[in-house]
1. Conditions first: (1) surrounded by fewer than 21 Cβ atoms within 10 Å (Cβ to Cβ); (2) at pLDDT 95 or above; (3) over 25 Å from residue 11 (Cα atoms). Residue 85 passes all but one, so which condition is the exception?
2. With the condition being touching a strand residue (DSSP E or B) at 6+ places or on another chain (Cβ under 8 Å) and within 30 Å of residue 99 (Cα to Cα), I'd like the helices (runs of 4 or more DSSP H) fully within the range 111-209 carrying at least 1 qualifying residues.
3. Identify all residues within the range 155-173 that are farther than 19 Å from residue 117 by Cβ, in contact with a helix residue (DSSP H, G or I) (Cβ under 7 Å, 6 or more places away or on another chain) and touching a residue at least 24 places away in the same chain (Cβ under 8 Å); write none if there are none.
4. Of 102, 44, 54, 64, which residue is closer than 30 Å to residue 153 by Cα, at pLDDT 95 or above and not assigned by TED's automatic domain parsing to the domain that holds residue 141?
5. Which ones in the range 181-197 are farther than 13 Å from residue 155 by Cβ and exposed (fewer than 10 other Cβ atoms within 10 Å of the Cβ)?
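The values are calculated or read from the model by the stated rules, or taken from the named source; none is laboratory data. As the structure is a prediction and not an experimental result, all values here were calculated from the model. Cβ coordinates were reconstructed from backbone atoms using ideal geometry, including for glycine residues, and neighbour counts include every protein chain displayed.
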């Protein structure tokens, strides 16, 4: 049975990384890539070890850019780059462009949810975040965290109490024993709904423009 040099190098590097020998893991992959520079999977692993192990963002991002030069649609590299860039709001424009590329290459419920969180927390685009949470829920209606994230947006940012009520009711069905959700639901009904179950009208609504 012939050996697979790429697999052996990546496995060795992972063992080194997991044992705390981060420099050794990086060196193992760097040496291997000298013989196989176009191996995107090995270079992506190298980038991850550099970024999260060595904490060298510049060198790690350079490795991701090499992967994307080789394959502009390489999903895992695009996702990894978006994850790093999204940590700083100054990168919002580039991060958003990468997310749009990811959605074009391989849309999924998880990606819709992740993009919605980016739109809410980094871009502060609450309506658009709501749209993408709804896309995530449409693909995976029983995923608790999607409803949880959406309900938080509805309650705290969009102030859409009717939809928030519906989302909290779904959460209570998915996890009947979650007292925190029940507490939020009871408070919402007490503070924002009248005795007939209708959203209370703001006393100062006529002042809104």
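1. (1)
2. Per the criteria, 161-174.
3. Within the range 155-173, 161, 165 meet the criteria.
4. Just one listed residue meets the conditions, 102.
5. 190, 195, 196, 197
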